[in-house]
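Visitor: I have a structure here, written as structure tokens, and I will follow up with some questions on it.
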Amino acid sequence: MKKTKGLFLTGFILVLCMVVIIPASHTRQPQGGKVVVRFWHAMAGPLGEVMKRMIKEFNEKHPQVYVKEEFMGSYSTLSQKTLASIVAKNNPELAQAYESWTAQLVDGDAIVPLDKFINNPEYGLTKAQYADLLPIFIKNNTFVNPRDKKKYLYSLPFNKSSPVLYYNKDMFKAAGLDPAKPPTTHAEFIEYAKKLTKDFNNDGNIDQYGYTTIGSAWDFGNVLYQKGGRFLDETETKVAFNSKEGAEALQFFLDLIDKHKVAYRTSGFNNQTDFTAGKVAMITGSCVSREFMKDQITFNWGTAQLPGDKRKAVVVYGTNICIFKNTTEVKQRWAWEFIKWFTSTENTARWAAETSYLPVRASALKSSRLQEHFKKEPDAKAAIDQLAWAEYEPSSAGWFRSRDYLIGAIDETLLKKATAKEALDKVAVKVQREIDKALKK
């Protein structure tokens, strides 16, 4: 990543023109003389309400500061507004960011490495506190500063999730399957899906499917890694998803739909809607999806780890939280205090229990809060147990647009406009171009 700050800013002038920036004089008004720390986010619904309650609690415990959460709408809008605010020099102190966004912010010298806060003897983290952070979250928040070529921790995890298998236990039982034994391999998964697909009235039309997929880059990525492949090579400089394993992963979904006839493709959140309506026996979804589905489900259901193939693997997804450079030292310090508080053992355990997002500390897994939660909802533990073999999406600045290209390959394959290998090879050229552009080769 060798992009300069000037190039970064120039590249987003168009974004600035398209996004309305709230005047600084309006948004930076002090709240009763307190230090105001603005936090831009895209957290809505019940999960957003949990976050708001926690922010309120932080503010009550820290009377010197007021963390002002500001909802930006969708994640796409959040990304656009964040980049535009940097150009306008009206950025918030804190914001959610996916890894590919963070890479852009690092290249543009727009955010502060957290190392200077973490290593501060007065208000940083002890060695034990730092070591307690789960390794995968340290790894996927670490970026190379293109100016000094050194690695720094530029963000910490905020709302991270992993995919799980949701299944209808009543349908399992009716099909002669043990509801306590969900499929653990791809072969078992296909076998189960066949038994769960039903034409009850023998009219030639399927009334109940074994599975449905939204055909997302995330769905593809999970199977890709389970097949032994990966999105990019380990240096994140070369495309790797158009490998033999990649073609097998994409073919896996096509075969479920076309060959085995046990699945169909849907879109958006329709997989969840169909699952709660009892139209399909199994779906893959975020561990957080349970929070949106549980009140609508009228049958016995379960949550399990994703089936493996050559290996077990899941791709962890979700945003992190970062501190912006264009703000005062005092505001940066309080922004750090909020991050430290939010990611503490007590609060990350609370966040996980109340939202089903992943905790970010090993100590939280042993906390009484989560242990009690797992006793009440034992299936919730499936997502956490998978962290032992979790992967994450590329952190290259070129990956954000590349995901859309990859979805194009999935579309072409599932619509049978090209073979899996042909579609992936075609898209690989575009993705490599994006990666090269980010590397400034």
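Visitor: I'd like the residue in region 43-89 that is hydroxyl-bearing (Ser, Thr, Tyr) and in a helix (DSSP H, G or I) and, out of all such residues, is surrounded by the fewest Cβ atoms within 10 Å (Cβ to Cβ). Don't jump to the end; show me each part of the working.
Guide: Residues of region 43-89 that are hydroxyl-bearing (Ser, Thr, Tyr), as a first pass: 66, 74-77, 79, 82, 85.
Applying the additional criterion that residues be in a helix (DSSP H, G or I) yields 75-77, 79, 82, 85.
Values: 75: 16, 76: 11, 77: 13, 79: 22, 82: 25, 85: 27.
For region 43-89, the residue satisfying everything is 76.
Visitor: So, in region 150-181, of the ones that are farther than 22 Å from residue 312 by Cα and among the small types (Gly, Ala, Ser), which residue ends up surrounded by the fewest Cβ atoms within 10 Å (Cβ to Cβ)?
Guide: Across region 150-181, the extreme among qualifying residues is 176.
Visitor: Could you grab the pairs with beta carbons closer than 8 Å, sequence gap of 6+ or different chains, first residue in region 170-182 and over 13 Å from residue 194 (Cα atoms), second one surrounded by fewer than 12 Cβ atoms within 10 Å (Cβ to Cβ) and of a type outside the set (A, V, I, L, M)?
Guide: 170/299
Visitor: Here's another thing I want to ask about it. Which count do you get for residues in region 209-235 that are over 21 Å from residue 168 (Cα atoms) and among the acidic types (Asp, Glu)?
Guide: Count: 2.
Visitor: Search region 205-222 for residues that are free of Cβ contacts under 8 Å to residues at least 12 places away in the same chain and pair each with any residue that is assigned to a strand (DSSP E or B) and basic (Lys, Arg) when their beta-carbon atoms are under 9 Å apart and the residues are at least 6 apart or on different chains.
Guide: Cβ pairs passing all conditions: 207/198.
Visitor: Still on this structure: Looking at residue 229, is it small (Gly, Ala, Ser), touching a Ser or Thr at 6+ places or on another chain (Cβ under 8 Å) and either surrounded by 18 or more Cβ atoms within 10 Å (Cβ to Cβ) or at pLDDT below 95 (or both)?
Guide: Considered against the rule, which asks whether it is small (Gly, Ala, Ser), touching a Ser or Thr at 6+ places or on another chain (Cβ under 8 Å) and either surrounded by 18 or more Cβ atoms within 10 Å (Cβ to Cβ) or at pLDDT below 95 (or both), residue 229 comes out as yes.
Visitor: In region 23-46, which residues are under 15 Å from residue 83 (Cα atoms) and either modelled with pLDDT under 95 or of a type outside the set (A, V, I, L, M, F, W, C) (or both)?
Guide: The answer is 41, and nothing else.
Visitor: Since residue 280 meets every condition but one in (1) surrounded by fewer than 22 Cβ atoms within 10 Å (Cβ to Cβ); (2) touching a helix residue (DSSP H, G or I) at 6+ places or on another chain (Cβ under 7 Å); (3) not aromatic (Phe, Trp, Tyr), which condition does it not meet?
Guide: Among (1) surrounded by fewer than 22 Cβ atoms within 10 Å (Cβ to Cβ); (2) touching a helix residue (DSSP H, G or I) at 6+ places or on another chain (Cβ under 7 Å); (3) not aromatic (Phe, Trp, Tyr), residue 280 violates only (1).
Visitor: Follow-up. Among residues belonging to region 137-149 that are surrounded by fewer than 21 Cβ atoms within 10 Å (Cβ to Cβ) and hydrophobic (A, V, I, L, M, F, W, C), point out the one that is farthest from residue 318 (Cα to Cα).
Guide: 144
Visitor: Considering only residues that are charged (D, E, K, R) and part of a helix (DSSP H, G or I), which ones fall in region 175-201?
Guide: Passing the criteria: 188, 191, 194, 195.
Visitor: Take the conditions at pLDDT 95 or above, of a type outside the set (Val, Ile, Thr) and surrounded by 16 or more Cβ atoms within 10 Å (Cβ to Cβ) and apply them to residue 391. Does it pass?
Guide: yes
Visitor: Moving on to the next point. Any chance region 381-393 includes a residue that's touching a residue at least 40 places away in the same chain (Cβ under 8 Å), part of a helix (DSSP H, G or I) and touching an Asp or Glu at 6+ places or on another chain (Cβ under 9 Å)?
Guide: Within region 381-393, not a single residue is touching a residue at least 40 places away in the same chain (Cβ under 8 Å), part of a helix (DSSP H, G or I) and touching an Asp or Glu at 6+ places or on another chain (Cβ under 9 Å).
Visitor: Pick from region 149-163 the residues that are among the basic types (Lys, Arg) and outside any strand (DSSP E or B): which of them is farthest from residue 113 (Cα to Cα)? It would help to see each step written out before you state the result.
Guide: Within region 149-163, the subset among the basic types (Lys, Arg) is 149-151, 160.
After this cut, where a residue has to be outside any strand (DSSP E or B) as well, the list is 149-150.
Working: 149: 13, 150: 11 Å.
Among residues in region 149-163 that are among the basic types (Lys, Arg) and outside any strand (DSSP E or B), the one farthest from residue 113 (Cα to Cα) is 149.
Visitor: Specify which of the listed residues (430, 426, 437, 416) is surrounded by fewer than 18 Cβ atoms within 10 Å (Cβ to Cβ) and at positive phi.
Guide: That would be 416, the only listed residue that is surrounded by fewer than 18 Cβ atoms within 10 Å (Cβ to Cβ) and at positive phi.
Visitor: Out of all the residues in region 334-350, is one or more part of a helix (DSSP H, G or I), in the same structural domain as residue 68 (by TED's automatic domain parsing) and under 14 Å from residue 384 (Cα atoms)?
Guide: yes
Visitor: Go through region 178-193 and give me each residue that's out of contact with any helix residue (DSSP H, G or I) (no Cβ under 6 Å at 6 or more places or on another chain) and not aromatic (Phe, Trp, Tyr).
Guide: Listed by number, the residues that qualify are 178, 180, 181, 182, 184, 185, 186, 187, 188, 190, 191, 193.
The values are calculated or read from the model by the stated rules, or taken from the named source; none is laboratory data. Worth saying up front: this structure is predicted, and the values here are computed from it rather than measured. So basically every Cβ, Gly included, is an ideal-geometry build from the backbone, and we count neighbours across all protein chains shown.
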